[in-house]
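Student: For reference, the structure I am asking about is given below.
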Amino acid sequence: MVSLDWGLFWQIVNFFILLFLLIKYLYNPLTEVLDKRSNKIENSLSEAEREREKAKELKEKYESELANARQEAQEIINKSRQQGEEERTKIIQEANEEANRKIKKAEDEIKRTQKQAVAELRDEVATMSVLIAQKLIEKSIDKQAQQQIISEYINKLDGEKIGEVK
């Protein structure tokens, strides 16, 4: 017959009691601690992922703002260059217009002076011609013929003067 070893029996009973106590007082609290730690790690990882996404968004935002700032700076530079070019063109145009006005004024003054000189010269030539003609005529023709020639010559010169001045 098989005999029952009571020592072995109590050892098995003690083992199961110990197992029950370990599970109740050690395993469950340890599992809770590990679960809490696991949750905490998961939360930390989630938070880190959110922070990484935030950092990525901020980086993209700053890069976008930097690109916009560079573009605005380039636009300002281009606008300044264009304004400078327009101002330069305007100044050159005004200088050319002023030079043209002065040239026109000088040309008008030259023409006026030239006309005046021509008129004075004609007057002198007419006077001299009359004097010369008078002296020649006095010697060669009578008074009435002399007066007629002088009148014709003066009328001719006056007609030329009037035609020239117009």
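Student: Under 24 Å from the Cα of Lys40, which lysines turn up, not counting those fewer than eight places away in the same chain?
Tutor: Those lysines meeting the cut-off are Lys24, Lys54, Lys56.
Student: With viscosity set to 1.002 mPa s and temperature to 20 °C, compute the Stokes-Einstein D of the chain, Rh being the Kirkwood radius across alpha carbon pairs; µm²/s, no decimals.
Tutor: Calculated translational D: 72 µm²/s.
Student: Divide by every residue of the chain the summed helix terms, -39500 (n - 2.57) for each DSSP H run of at least 4, and state the resulting mean residue ellipticity at 222 nm, rounded to the nearest 500 deg cm²/dmol.
Tutor: One gets -34500 deg cm²/dmol as the mean residue ellipticity at 222 nm.
Student: Further question: Quick one, could you list the DSSP H helices from the chain stretching 18 Å or more along their long axis (Cα atoms) with average Kyte-Doolittle hydropathy of -1.0 or above?
Tutor: Both cut-offs are met by 6-21, 143-165.
Readers should treat all values here as calculations from the given coordinates under stated rules, not as data from a laboratory. Just so you know, these numbers come straight off a predicted model, no measurement behind them.
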